[in-house]
Amino acid sequence: MKNFISLNNVDSLDALVQLAAEVKKNPFGFKKHTENKTLGLLFFNPSLRTRLSSQKAAFNLGMQVMVMNVDKDGWVLEMEDGAVMNQGKQEHIKEAAAVISQYCDVIGVRTFASLTNKEDDYAEAFLSKFIKHALVPVISLESATLHPLQSLADVLTIEEHKKIAKPKVVLSWAPHPKPLPQAVPNSFAQWINATDYDFVIANPEGFDLSKEFAGSAKVIHNQDEALKDADFVYAKNWSSYQNYGKSAPELTDWTITSKKMKLTQQAKFMHCLPVRRNVVVSDEVLDSDASLVIEQANNRTFSAQTVLLKLLDYEN
Amino acid sequence: MKNFISLNNVDSLDALVQLAAEVKKNPFGFKKHTENKTLGLLFFNPSLRTRLSSQKAAFNLGMQVMVMNVDKDGWVLEMEDGAVMNQGKQEHIKEAAAVISQYCDVIGVRTFASLTNKEDDYAEAFLSKFIKHALVPVISLESATLHPLQSLADVLTIEEHKKIAKPKVVLSWAPHPKPLPQAVPNSFAQWINATDYDFVIANPEGFDLSKEFAGSAKVIHNQDEALKDADFVYAKNWSSYQNYGKSAPELTDWTITSKKMKLTQQAKFMHCLPVRRNVVVSDEVLDSDASLVIEQANNRTFSAQTVLLKLLDYEN
Amino acid sequence: MKNFISLNNVDSLDALVQLAAEVKKNPFGFKKHTENKTLGLLFFNPSLRTRLSSQKAAFNLGMQVMVMNVDKDGWVLEMEDGAVMNQGKQEHIKEAAAVISQYCDVIGVRTFASLTNKEDDYAEAFLSKFIKHALVPVISLESATLHPLQSLADVLTIEEHKKIAKPKVVLSWAPHPKPLPQAVPNSFAQWINATDYDFVIANPEGFDLSKEFAGSAKVIHNQDEALKDADFVYAKNWSSYQNYGKSAPELTDWTITSKKMKLTQQAKFMHCLPVRRNVVVSDEVLDSDASLVIEQANNRTFSAQTVLLKLLDYEN
């Protein structure tokens, strides 16, 4: 694998999930492949799970880790080619990406969508430029439109908990006080579309995901109908793609509650976290045995560890 | 040991101090007990000694360390059960504690007292909730009311420097320009009460520590009288417990000076640092051979290393 | 070597550069000399290359690293001896330096010039005091007046790319929108003066470097004349030493362009980065094969690794 920013970088989803399961069984057993390797983690936005799970993944592999909050600890980056840099930007992304590549064997990069410029966000303007100038493999730690490390952890979690070969998986929009990126649902849709699960997306009118990632998934605008017979309910808020960045916190009847869960086939509940309790999902669902959210978070370690191995040319 | 937030977690103070002395003699000799273990350090407040000594302790044990400034690098945490999280708080402590537990074998947490809400502070509201939801052992890196890693280092330092079996130890209040928590003096009192030293607390009227920690220690409101024949003088400012959070920077005659030290039995001078020079203690005392403050700071490493070993089930 | 803050700490420049070349060939081959050693990195200013390359250097040696942004994560330091610390400063540099020395085998310190107080800057007020109270070797990660880790990397880079025994090296001032310290050019001049290269400094009138570091180097105020037959062009902005801290962003004819490079002997282009594109140097020069800037950044790792070895008593 050359980089890991999307499912498109993955040769075989099955093989990747299989390796993740092996890594989880024997997390310290792969060190000889990654000796003397260094992971650099660049954060342009806050992060808890990704920050810690990526470090833990590297530690499990005996790798060294350098964490940098670029916005706070480093320089302000210029993105535009040909810019005359006589204003506030101190370093061009060309130099930054090439220089950081001198010190790391793999670079993880975290950026968020602007939610104001749809074209730039969906062109992955920053990540694309960074990869163009980087000289080592790059892992997305969540980008403007995708979050593939989360999706790999999610598929691993479903594989561990599914009771039938082709479970019904429902990705449901849920309310949130602030407009959020589409990265997690886009990515989840992209990955689940690559499985043979029965996949349904439930969201209000005006909140359909980009066709690029939603693909041929069935989209239903009635949440109750969508939840019927679900084996897995993956809740997540996202702001509108069509009316870019618009949110709808007033749609409180989309909150996942016990009553909603009763419509399902005793479904398991999933969320990428952080989650707004009693807004996205009620306490009773989150605190019930149906909730897999902590297991998803745990699987982030093995997801990152698996991707690091593949980027460092491990052959499984 | 399940957690380390107070002397109450310690089976035998003697055995713990004994192990700390062994660790100090052979700091790199305990790695086989802690292989592949990871320490997470969560800071909600500034820290220098604790931040560095905890890392050094983990390094000496061959452990990996993840440091997170939660307030700056992560999410804003909700503490209240049942909260409808539609305002600024992004993640509930329930998820945060459980998730971080997925990535660490031990979690260190640093929080300070509010000094405005005595009940919350003395209930250790934050730390208690964090421990309740954490799935691995938790070390206090200083909490609202106690600082046990400091106290273990302090007892080790006294043991190394005492010339008689039962030295007279005086904990003396000292002035400070700002109101400070009671964590260090509370904890010192709790630990010294568990030794057989002759223990005296000297503080102005209105600055008696909570009975919960001061216990049966002799309290004297006249500093000169208290210092008489002391073998160790432990200076520290704290704000009032009774008149909660009130300070008294004007009581400059409580500063520890050479003249005050002459009242003692050639006592050693101790302070947890950071120290306000010429406010808490004069330059001449701090720069004299009587000062143990740097040795106390050094012992923080072995204190943390010892506690990590015990939390990871090392049997001495 | 006791500390590394200037070329004055170096016994033999030749031997140091020779060791750096050996380290570069076999970066992981020196671990047995540095087992169980810890590097502390203290930043009082932003840093990307130095932050990452110093960590990478320590990792290559199997050392542990602690990074601290002192201004954000720690306490505000008092510098003055005898100060009555009843204002905002929380810890004296005396304690800070001695305490950090308890947890690290080598301490790296990054500070910048004030550019307002020439006397303090050129006395290296902060670094001198820190070293005075530190109990372990100190590495400058750039100080008010010098940047020796950069200079060692620069000399290594020139040695790798020179085609004749005594190349002509031109250090040229270049424009910049903001006033910058003189640390990099001072240090470069100090180190190149210690080689047998043909060394010329080109800068506008009023921008001559301090004699302390420029030494006997030929200074030419006409850039075109200076560049003639150059083998290496090292561009860098600096603010005025004479008219302390004054900058001259309007001197845009000092930008290094392809046309300027045609005056040279097919010179290689060097810069310490970060660089303002199309202000200090044009895109076409920086993106050409003549540019060594990424190789310079790469050599920062081996420069730091070499200095760490010498400070930890490695004998080559």
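Mind checking the angle between helix B:93-103 and chain B's longest principal axis? C-alpha axes, 0 to 90 degrees, to the nearest 10.
80 degrees
With 30 Å as the limit, write out which pairs from A:K162/A:K310; A:K166/B:K37; B:K2/B:K32; B:K268/C:K129; A:K132/C:K228 have Cα-Cα distances beyond it, or answer none.
Violating the 30 Å Cα-Cα cut-off are A:K166/B:K37; A:K132/C:K228.
When only Cα pairs under 8 Å and 6 or more residues apart are kept, what is the percent relative contact order across region C:148-296?
Relative contact order here is 28 percent.
Just to verify a number: FRET efficiency for B:K72 and B:K132, C-beta to C-beta distance, R0 = 22 Å, to 0.05?
The formula returns an efficiency of 0.35 here.
Would you grab the residues whose amide H sits under 5 Å from the one on A:I139? Only those 5+ places off in sequence or on another chain, please, with H modelled 1.01 Å from N.
Result for A:I139 returns A:F4, A:I107, A:G108, A:V109.
Size of the dipole of region A:150-296 about the Cα centre, Lys and Arg at +1 and Asp and Glu at -1 on the beta carbon, nothing else charged, in debye to 20?
That gives a dipole near 160 debye.
In what sequence do B:M66, C:M85 fall when counting other Cβ within 10 Å, fewest first?
In order of increasing Cβ crowding within 10 Å: C:M85, B:M66.
In whole Hz, with x marking every Gly and Pro, tabulate ³J(HN,Hα) for region B:304-313 from phi via Karplus 6.51 cos²θ - 1.76 cosθ + 1.60, θ = phi - 60°.
3J(HN,Hα) across region B:304-313, in whole Hz: 5, 4, 5, 5, 4, 4, 5, 5, 9, 6.
Rounding to the nearest 10 and keeping the result within 0 to 90°, find how far the Cα-based axis of helix A:148-161 lies from the longest principal axis of chain A.
Roughly 40 degrees, rounded to the nearest 10.
Taking each label point as 7 Å beyond Cα in the direction of the beta carbon, state the distances from A:T252 to the same residue in the other copies, shortest first, in nm.
Between copies, matching label points for A:T252 lie 5.8, 5.9 nm apart.
Quickly estimate the mean residue ellipticity at 222 nm for chain B, helices only: each DSSP H run with n ≥ 4 gives -39500 (n - 2.57), and the total goes over all residues, rounded to 500.
-10000 deg cm²/dmol
Sort B:M261, B:M270, B:M79 so that the residue with the fewest other Cβ atoms within 10 Å of its own Cβ comes first and the one with the most comes last.
B:M79, B:M261, B:M270
Put a label point 7 Å from Cα along the Cβ direction on B:D81, then list its distances to the equivalent points in the other copies in nm, shortest first.
Label-point distances to the other copies, shortest first: 5.9, 5.9 nm.
Report, for C:S216, each distance to the same residue's label point in the other copies, shortest first and in nm; define the point 7 Å along Cα→Cβ.
So the label point of C:S216 gives 8.1, 8.1 nm to the other copies.
First measure r as the distance between the Cβ atoms of B:S288 and A:E225, then evaluate 1/(1 + (r/R0)^6) with R0 = 56 Å and state the FRET efficiency to the nearest 0.05.
0.10
Tilt of helix B:49-60 relative to the longest C-alpha principal axis of chain B, in degrees (0 to 90, nearest 10)?
Approximately 60 degrees, to the nearest 10.
Taking the dipole about the Cα centre of chain B, with the C-beta of Lys and Arg at +1 and of Asp and Glu at -1, give me whichever of B:V99, B:G74, B:S282 is farthest to the positive side.
Towards the positive end, the residue furthest out is B:S282.
With label points built 7 Å along Cα→Cβ from the Cα atoms of A:E80 and B:S12, find their separation and express it in nm.
Label-label distance for A:E80 and B:S12, simple model: 7.2 nm.
What's the longest uninterrupted piece of chain B once you rule out the GluC sites (Glu not before Pro) that are loop residues per DSSP with at most 14 other Cβ within 10 Å?
With a cap of 14 other Cβ atoms within 10 Å, the longest stretch comes to B:81-204.
Picking from B:V307, B:T264, B:L292, whose Cα lies most toward the positive end of the charge dipole for region B:255-316 (charges on Cβ: Lys, Arg +1; Asp, Glu -1)?
B:T264
Mind checking which lysines have their C-alpha under 16 Å from B:K118, skipping anything on the same chain fewer than 8 residues away?
B:K211, B:K246
Count, for each residue of B:237-247, the Cβ atoms from other chains sitting within 10 Å of its Cβ, then give me the mean as a whole number.
Counting Cβ atoms of other protein chains within 10 Å of each residue's Cβ and averaging gives 0.
What ranking do A:L13, A:L286 get, fewest neighbouring Cβ atoms within 10 angstrom at the top?
A:L13, A:L286
Shielding by partners for B:266-278, please: the mean number of other protein chain Cβ atoms within 10 Å of each residue's Cβ.
4
Every number in this text was worked out from the coordinates using simple rules, so none of it is lab data. Bear in mind that the values here come from a model prediction, so they are computed numbers and not experimental data. We place every Cβ from the backbone using ideal geometry, glycine too, and count neighbours over all the protein chains shown.
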